[in-house]
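So the structure is just underneath, and the comments pick up after that.
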Amino acid sequence: MYKIVRKKSLNPTVTLMDIEAPLVAKKAKAGQFIILRVDEDGERIPLTVAGCDPEKGTVTIIFQIVGATTEKLNHKEEGDSLQDFVGPLGMPTKVEGLKKVCVIGGGVGCAIALPVARELHKLGAEVTTIAGFRNKDLVILEDEFKACSSRFIMMTDDGSYGEKGNVTAPLKEMLEKGERFDEVIAIGPLIMMKFVCLTTKEYDQKTVVSMNPIMIDGTGMCGGCRLTVGGETKFACVDGPDFDGHLVDFDEAMSRGRSYQPFERHAYEEACNLFKKEVR
Amino acid sequence: MPNMRATKNPMPSQDPNVRNKNFNEVTLGYTAEMAVDEAQRCLHCKNKPCVSGCPVNIQIPEFIAKVAEGDFEGAYQVISLSSSLPAVCGRVCPQENQCEGKCVRGIKGEPVGIGRLERFVADYHNEHNALPPKAPEKNGHKVAVIGSGPAGLTCAGDLAKMGYDVTVYEALHLAGGVLVYGIPEFRLPKAIVQKEVDNLKALGVKVETDMVIGRILTIEELKEEYGYESIFIGTGAGLPRFMNIPGENLKGVYSANEFLTRSNLMKAYREDSATPIQHAKRVAVVGGGNVAMDAARTAKRLGAEEVYIVYRRGMEELPARKEEVEHAQEEGIIFKTLCNPVAILPTDVTDTRDPAYGWVKGIRCVEMELGEPDESGRRRPIVKEGSEFELDMDCVIMALGTSPNPLIKSTTPGLETKRRGEIVADENGLTSIEGVYAGGDAVTGAATVILAMGAGKTAAAAMDAYIKGKNA
């Protein structure tokens, strides 16, 4: 069992937890992920590591409540334990040798983008961060990003905070002015990553994306997480989760991501009903 | 006088049209009377051809003699001298190619039902003498076993009985390897596997789940920092193969590993499971091995109306056990042999937001004919020109075999492997690294439970000799 030592709500639908998992904390690097099960008979869900403290032996996860399992997870409190917590899985984000990078985070993807930005900052790279959210209420990790970015741009869809618009707007502006990065690293919803890649492709700007498909074991065994990258099938769990964004077939990834949508919606509704009953 | 009836006692089974709608075990096992009767068919040959057919050399005539006397517990004791998982092997071993394949009674009629007797004896023991084994005195030496499938469990059990302090590392949340994620409940009830794992724990073996060796700890760290004097790698062959044909990444296309893992390990066959699985109407399973049969029969039980086995060679060449093929046929699985898919076809929906977009609609196949035998000794399938045809399907399951997982190889400098990632090991299981042994599918590529057990056993003996030699 893996104890929850800290729980903090970042916004109404996004929660941070520090989980006691000393061996994972010692090994996990930015870009890698873990798989957890909330309870016995629970499903296995992958979450990218949002940070770790090898000294305290804790791993930080940040998750958005999007379905039954994350709903259940959010009902666990400090001192409770998770049934399973496996990792670190996948390949770490390649940060060596990068001098100038644009890190783009969208929504809860910012939680995964942050450790990458931090690592790059620590290695002395010049980090430009573009963070995008739907509205002001959903903004997370702003101060943390500012602390490791030489330039920070906040975007909201409705303009309630920062600039109004998508993350691609300031990106396009920079690229149009002739600015170039060793890499653009984009982490967020598939649709955001797709449009970041369409934008950077025009300027031949190298772009890396972090994929988060459906998976079960996370060790290369099931192949459920397969993606088409440059015409070849890749397993996100062992070959990724980072890939050259210009080669990823995003339409296929989005389609595959919806494989179990009716089941997931039903399970989520059931979980909500259950918790409403309990809460009352 | 032996019982000279030419046929085996038939195995009591659930009716095919009942069992293809539930996940309970298909075969029900012999009664004591049937077992005694079957045991009396054994001729007790002096040269014991059956034993030479058993990868772990169970003293078959001896245990059968005990059964014939009605001493079922005595029979169990004979088996357990050689095998640590008789309840498993009695169910999943390909006996027709092993012990029973060599049985003299098989020359004129059917061989003795050795597998069915083994299962009866193991089940009898579990029911009547279920005291957990006692942990032996520790000898003060630490060993690690990576992977808790048949090879790892056997190796760990043997080493624990010798007094070693054994830790088993398992990547998944449950121990058992392919016995829990691959082989379905209706063929091998998971309670049986759990019992074997519990017995190991009673012997003092520590089982650490959620540990992906290669990532959380490397082999080098296990040796240098954790002080394991010897390590056994039994990580199996978990990497699924695909055909690399168009449409393989459509929704509704699974590897057999994924389909079976969802159903078996994650219990997606249950109504209340948190893990989803597709309940398809028309399913094509590509491949002809035991895994293909398991996937097809699982799909049928999940409610499919028509389930096809699509296999490029003929019925004669199916690599699956005969019993599994027969069970599948009885349950209504349709065999489309001499047939090979060339493309998986999508629905004609083009709007990416439409829920029907990106799903399988069918498969395009070609007919095959058999030519000259290839390097495997089986006749090579050749495409019949102009034989393309299409079948409507809403689910396609690829059961084309698996390769060893590359994770250990890629994180263990100096560990030699072969073309498909099989770990190079000598006849004792020794790898290219001192003190590190390997066995089972990780070495051979996908094979059988019993061969993996045999390899685990051999390696345990070699690891014992290695540690004793080093400390002498």
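Rule-based calculations on the coordinates, nothing more; no lab input. Keep in mind that what you see is a predicted model, and the values were worked out from it rather than measured. Neighbour counts are summed over all protein chains in view; Cβ atoms, including those assigned to glycine, are modelled from backbone coordinates with ideal geometry.
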Q | Amide H partners (placed H, <5 Å) of A:GLN32, local residues excluded | A | A:VAL49, A:THR93
Q) Based on the Cβ-Cβ distance of B:MET4 and B:THR411, what FRET efficiency does E = 1/(1 + (r/R0)^6) give at R0 = 60 Å, to the nearest 0.05? A) 0.55
Q: Based on other C-beta atoms within 10 Å, arrange A:ILE214, A:ILE61, B:ILE334, B:ILE146 from fewest to most.
A: B:ILE334, A:ILE214, A:ILE61, B:ILE146
Q) In the range A:100-258, what is the volume of the convex hull around the alpha carbon atoms, normalised per residue and reported in Å³? A) 114
(Q) When a/c reaches 1.5 or more, the comparison of a/b and b/c decides; with that in mind, is chain B rounded, prolate or oblate per its Cα gyration tensor? (A) oblate
Q: Mind giving me the nanometre distance, one decimal, between the label points for A:LYS99 and A:LYS29, set 7 Å out from Cα along Cα→Cβ?
A: 2.2
Q) Please identify the GluC sites (Glu not before Pro) of the range A:63-111 that satisfy two criteria: DSSP loop assignment and at most 12 other Cβ atoms within 10 Å. Which are they? A) A:GLU77, A:GLU78, A:GLU96
Q. Taking H as built 1.01 Å from N, whose amide H comes closer than 5 Å to the amide H of A:LEU82, not counting residues under 5 places away?
A. A:TYR2, A:LYS3, A:ILE4
Q: Any aspartates and glutamates with Cα under 18 Å of the A:LYS7 Cα? List them, leaving off those in the same chain fewer than 8 positions away.
A: A:ASP18, A:GLU20, A:ASP39, A:ASP53, A:GLU71, A:GLU77, A:GLU78, A:ASP80, A:ASP84, A:GLU144
**Q.** Out-of-range pairs (alpha-carbon distance over 30 Å; input B:LYS108/B:LYS457; A:LYS26/A:LYS194; A:LYS194/B:LYS418; A:LYS56/B:LYS142)
**A.** B:LYS108/B:LYS457; A:LYS26/A:LYS194; A:LYS194/B:LYS418
Q: Report the paramagnetic label zone for A:LYS56: residues of the range A:66-105 whose backbone N is under 17 Å from a point 7 Å from Cα along the Cα-to-Cβ axis.
A: A:77-82
**Q.** Hypothetical label at A:GLN261: residues of the range A:157-199 whose amide nitrogen lies under 14 Å (7 Å Cα-Cβ projection)
**A.** A:190-191
Q: Once you have all Cα-Cα distances for the protein assembly as shown, histogram them in 20 Å bins from zero and send the whole-percent values.
A: 16, 46, 31, 7, 0
Q. In nanometres, what is the gap between the two model label sites at B:LYS138 and B:GLU316, each 7 Å from Cα along Cα-to-Cβ?
A. 5.9
Q | the range B:61-133 versus the range B:223-251: alpha-carbon centroid distance in Å | A | 32
Q: Enumerate the residues in the range A:123-144 having an amide nitrogen under 17 Å from the point lying 7 Å beyond the Cα of A:LYS164 toward its Cβ.
A: A:133-137
Q) Can you give the mean number of other chain Cβ atoms that lie within 10 Å of the Cβ atoms in peptide B:209-216? A) 6
Q | chain A - share of DSSP beta bridges that are antiparallel (%, nearest 5) | A | 60
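Here is the link list: A:LYS206/B:LYS251; B:LYS161/B:LYS201; B:LYS190/B:LYS267; B:LYS48/B:LYS102. Which ones come out longer than 18 Å on Cα distance?
The answer is A:LYS206/B:LYS251.
Within a 10 angstrom radius of the beta carbon, how do B:HIS128, B:HIS141 rank from fewest other beta carbons to most? It would help to have the intermediate numbers written out before the result.
Values: B:HIS128 10, B:HIS141 21.
By the 10 Å Cβ count, ascending, the order reads B:HIS128, B:HIS141.
I'd like the antiparallel share, as a percent to the nearest 5, of DSSP beta bridges with both residues in the range A:100-258. All intermediate terms of the calculation are to be shown ahead of the outcome.
On the way: 8 of 31 bridges.
DSSP beta bridges in the range A:100-258 are roughly 25 percent antiparallel.
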Q) What is chain B's relative contact order, in percent, from Cα pairs under 8 angstrom and six or more apart in sequence? A) 15
Q. How many nm is it between the label spots at B:ILE334 and B:LYS21, if each spot is 7 Å from the Cα in line with the beta carbon?
A. 2.1
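Compute the FRET efficiency between B:GLN77 and B:ILE382 as 1/(1 + (r/R0)^6), taking r as their Cβ-Cβ distance and R0 = 60 Å, and round to the nearest 0.05.
The value I calculate is 0.70.
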**Q.** Chain lengthening between B:GLU326 and B:ASN471 when straightened (0.36 nm per residue, less Cα-Cα)
**A.** 46.9 nm
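Can you give the % of DSSP beta bridges in chain B that are antiparallel, to the nearest 5?
Details: 20 of 53 bridges.
Of those bridges, close to 40 percent are antiparallel.
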**Q.** Estimated vicinal HN-Hα couplings, Hz - the range B:255-266 in sequence order (Karplus 6.51, -1.76, 1.60; Gly, Pro = x)
**A.** 7, 4, 4, 5, 4, 6, 5, 4, 6, 7, 5, 8
Q: List, in order, the whole-Hz ³J(HN,Hα) value for each residue of the range B:115-132 obtained from phi through the Karplus relation with A = 6.51, B = -1.76, C = 1.60 and θ = phi - 60°; use x for Gly and Pro.
A: x, 5, 5, 4, 4, 4, 5, 5, 5, 4, 4, 4, 7, 9, 10, 7, 5, x
Q) Given H placed on each backbone N at 1.01 Å, which residues far from A:ILE130 in sequence or on other chains put an amide H within less than 5 Å of it? A) A:VAL103, A:ILE104, A:GLY105, A:ILE153
Q: Please turn the phi angles of the range B:30-40 into ³J(HN,Hα) values with the Karplus equation 6.51 cos²θ - 1.76 cosθ + 1.60 (θ = phi - 60°), one per residue in order, whole Hz, x for glycine and proline.
A: 5, 7, 4, 4, 4, 5, 4, 4, 5, 4, 6
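Would you mind ranking B:MET293, B:MET1, B:MET266, A:MET91 by Cβ crowding within 10 Å, fewest neighbours first? Each step should come with its number before you reach the end.
Working: B:MET293 29, B:MET1 4, B:MET266 25, A:MET91 15.
By the 10 Å Cβ count, ascending: B:MET1, A:MET91, B:MET266, B:MET293.
Between B:ARG420 and B:ARG353, what length in nm is gained on full extension when 0.36 nm per residue of separation is reduced by their alpha carbon distance?
Numbers: separation 67, 0.36 × 67 = 24.12 nm, distance 3.93 nm.
Between B:ARG420 and B:ARG353, full extension yields 20.2 nm more.
With the cut-off at 1.5 for a/c, could you classify the range A:5-138 from its C-alpha gyration tensor as rounded, prolate or oblate? Could the numbers behind the result be given before it?
Numbers: a/c = 2.10, a/b = 1.36, b/c = 1.54.
Because a/c hits 1.5 or more and a/b fails to exceed b/c, the range A:5-138 counts as oblate.
Under the 0.36 nm per residue contour assumption, what length would be gained going from the current alpha-carbon distance of B:ASP374 and B:THR31 to full extension?
119.0 nm
Can you give the FRET efficiency to the nearest 0.05 for B:GLU427 and B:ASN47, using r as the Cβ-Cβ distance and R₀ = 25 Å? Walk me through the numbers before you get to the answer.
Numbers: r = 24 Å, r/R0 = 0.96.
The calculated FRET efficiency here is 0.55.
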